[in-house]
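Notes follow the structure.
What follows draws every value from the coordinates through simple rules; no lab data is involved. The structure presented is a predicted model; accordingly, all values stated were derived computationally and were not measured. Every residue, glycine among them, receives a Cβ derived from its backbone with ideal geometry; neighbour counts consider all protein chains shown.
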Amino acid sequence: MKTPPLLLSVVLPIRNEEEILWDACNLFAQHFDRSVGKENWQYVLMENGSSDKTPGIIKEIVQKWPQSISASFAKGDRGQALREGILSAQGIWSLIMDVDHLWDSPYFEWAWRHREEYDFIIASKRADSTLNKQGLNRRMLSAGLSAILNCMFDCVVAETRGMKFIHTEKVRPIAKLCQMRRGIFETEMTLRALRGRLWIAELPVPYIYYRRPRNLMIKKIEQNVRDLFRLYRVMKNVPYEGHIKYRRFCREDLISETTSKS
């Protein structure tokens, strides 16, 4: 008898997360077991450049959830880890997230209910400023990046990075085409999804730091500027395939629907 396909792959790019990895995966698993079913999901653990005990913890996670898979890369590169995770995912749908993400039940439950309607569901920390608990400098940097994306690429979404719920088979060809790596990979993937007429939804979610940012602000700005000009050259050759298909929802849409279903 043919084994039914997994419903969900949870793609986690991981680097030096020994302090929180095990507890985070146990917490997330409780939600996936309840909403998706214990045998219907997997972790896709993409370790990149860790120098602590993270690789050993990943082995323990795969033992506990044996449908899960993992890979290791010598160099720390979030974009490369995400790309390979999407290409390796076995689920019909994939949830891209970080282990330090604040779990948001309204977002996941809404995305799971509407998974047949949208191909690419963005969890946006910028769609509702009342939910964003970043410091002022980080919010200014994020707003500046969003303004540049709107100006240079006609990008209509408020957020291109962070947690996303995607239809794996529809997004996988886009991920293969992406040329950028590091943090800008997600931006290129989102722009290609918009131009490729995938159905995109953007949902506001709370954003709270679990840890201090690892990258210095000045270093991040410098890297973003270089990467954006490279991305501009890449995207000049990516045409729109028609009108974009995009909807943004407010937080009340998620909460009221979740409440009505409970």
(request) Scan the range 1-77 for GluC sites (Glu not before Pro) in coil per DSSP, keeping those whose Cβ has at most 13 other Cβ atoms within 10 Å, and list them by number. (result) 39
(request) Please grab the % of Cα pairs in the chain that end up more than 33 Å from each other. (result) 15 percent
(message) Please give me, ordered by residue number, the trypsin sites (Lys or Arg not before Pro) of the range 9-90 that lie in loop per DSSP and have at most 10 other Cβ atoms within 10 Å.
(response) 75
(message) At 7 Å along Cα-to-Cβ for each site, give me the label-to-label distance between residue 116 and residue 257 in nm.
(response) 1.4 nm
(message) Amide H of residue 43 versus every other amide H placed in the peptide plane: which residues, excluding those fewer than 5 positions away on the same chain, fall under 5 Å?
(response) 10, 68, 69
(request) Could you go through the range 65-70 in sequence order and give the Karplus-derived ³J(HN,Hα) for each residue, using 6.51 cos²θ - 1.76 cosθ + 1.60 with θ = phi - 60°, rounded to whole Hz, and x for Gly and Pro? (result) 10, x, 6, 6, 9, 8
(message) Can you compute the FRET efficiency between residue 51 and residue 154 using 1/(1 + (r/R0)^6), with r the Cβ-Cβ distance and R0 = 41 Å? Round to the nearest 0.05.
(response) 0.50
(request) State whether the range 162-209 is rounded, prolate or oblate according to the following rule on the C-alpha gyration tensor (a ≥ b ≥ c being the square roots of its eigenvalues): a/c under 1.5 gives rounded; otherwise a/b larger than b/c gives prolate, and the remaining case gives oblate. (result) oblate
(request) Note down the net charge around residue 26, summing +1 for each Lys or Arg and -1 for each Asp or Glu among other residues with Cβ under 15 Å from its Cβ. (result) -4
(request) State, to one decimal in nm, how far the label point of residue 64 lies from the label point of residue 176, with both points 7 Å from Cα in the Cβ direction. (result) 3.5 nm
(request) Bin all alpha-carbon pair distances of the range 1-125 at 5 Å intervals from 0 and give each bin's fraction as a whole percent. (result) 2, 11, 21, 25, 21, 12, 6, 1, 0
